[in-house]
1. May I ask you to give the percent of accessible area on region 47-128 that is carbon plus sulfur, with a probe radius of 1.4 Å?
2. What's the angle, to the nearest 10 degrees (0 to 90), between helix 212-240's Cα axis and the longest principal axis of the chain?
3. When we measure straight from the Cα of K221, which lysines land under 28 angstrom away, once same-chain ones fewer than 8 places off are left out?
4. Among G208, A43, N141, pick out the residue whose Cα is farthest towards the positive end of the charge dipole of the chain, where Lys and Arg carry +1 and Asp and Glu carry -1 on C-beta, about the Cα centre.
5. Need one word for region 31-135: rounded, prolate or oblate. Basis is the Cα gyration tensor (sqrt eigenvalues a ≥ b ≥ c); a/c below 1.5 gives rounded, then a/b vs b/c decides.
6. Just tell me which aspartates and glutamates come within less than 20 Å, Cα to Cα, of K176; anything on the same chain fewer than 8 places away is out.
7. Region 19-84: percent of C-alpha pairs farther apart than 20 Å?
8. Which percent of Cα pairs goes in each bin when the distances of region 99-245 are cut into 10 angstrom slices starting at zero?
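The values are calculated or read from the model by the stated rules, or taken from the named source; none is laboratory data. Quick caveat, the model's predicted, so the values are computed rather than measured. Here the Cβ positions follow ideal geometry from the backbone for every residue, glycine too, while neighbour counts run over all protein chains shown. Remember, those area values only see protein heavy atoms, side chains included, never the ligands or the DNA or RNA. Shrake-Rupley method; radii C 1.70, N 1.55, O 1.52, S 1.80 Å.
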Amino acid sequence: MMKKLLIGLFALLPTLSMAAGPSVPLMEANNDLKDNASLQRGAKLFMNYCLGCHQMQYQRYERTFRDIGIPTEIGKETLIFDDSKVGSHITNSMSKDDAAKWFGAAPPDLTLVARVRGTDWIYTYLKSFYKDESRPFGVNNIIFPSVGMPHVLQELQGLPTPITEEVESHGKTVTKVIGTETDGSGELSVDEYDQAARDITNFLAYVGEPSRLESEAIGIKVLGFLVIFFILAFLLKKEYWRDVH
């Protein structure tokens, strides 16, 4: 399993390295892995809007349902859209050849994207699409210039228009996109879409490290044990050295 995770990580890096983009301040995701309601909404959004292209081939449905509080039967009925078993990995049926033909490159597996790019980057990316008719799918992205995917959440957000400014670069005046403005055509309000983007980010953060909360809880217990052990060891040392002093 560790070998597979490392292979997936290194396979993901080349694709993500192209997404470095310009130096743009990232928005704070403020995600909370203890918020099961957010994780459940994020799972629903991911399965409905992202899974058609992006897999999570190192994460299983059953583990996901159990960790974020979704009853298995409800998860099977509402979040598994093919003949996958509840114990299967979260994958799709798109072949790499078809993906390369349609998008120019196969969409990366997203199991580890939150650990590679960080939650603030993902959250900012989801909020940075804007209308660009020069692109094959009619959209571009501020922090991922020349993005090769459509704005899959367009029906929720609408199609934002770019906010630009003229800047000097190498002695020339160029137009730089510094932000976006929603056109109001989406199903969600601005605040509702912000929450949806945060929910997806939260879910991706969970998938990147499913045992994080458990590890943190164990870490606190270990630190507590070490503190108690130190106190006992210190008192024992004083008892042993009492006659010497």
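1. In region 47-128, the share of accessible area belonging to carbon and sulfur is 47 percent.
2. So the inclination is approximately 20 degrees.
3. K34, K237, K238
4. Value: G208.
5. Working: a/c = 2.01, a/b = 1.29, b/c = 1.57.
In terms of gyration-tensor shape, oblate.
6. The reachable aspartates and glutamates, counting only those whose Cα sits under 20 Å from K176, are D132, E133, E165, E166, E168.
7. Counting pairs separated by more than 20 Å, the tail of P(r) holds 38 percent.
8. Per 10 Å bin, starting at zero, the Cα-Cα P(r) for region 99-245 comes out as 10, 25, 24, 13, 9, 8, 6, 4, 0 percent.
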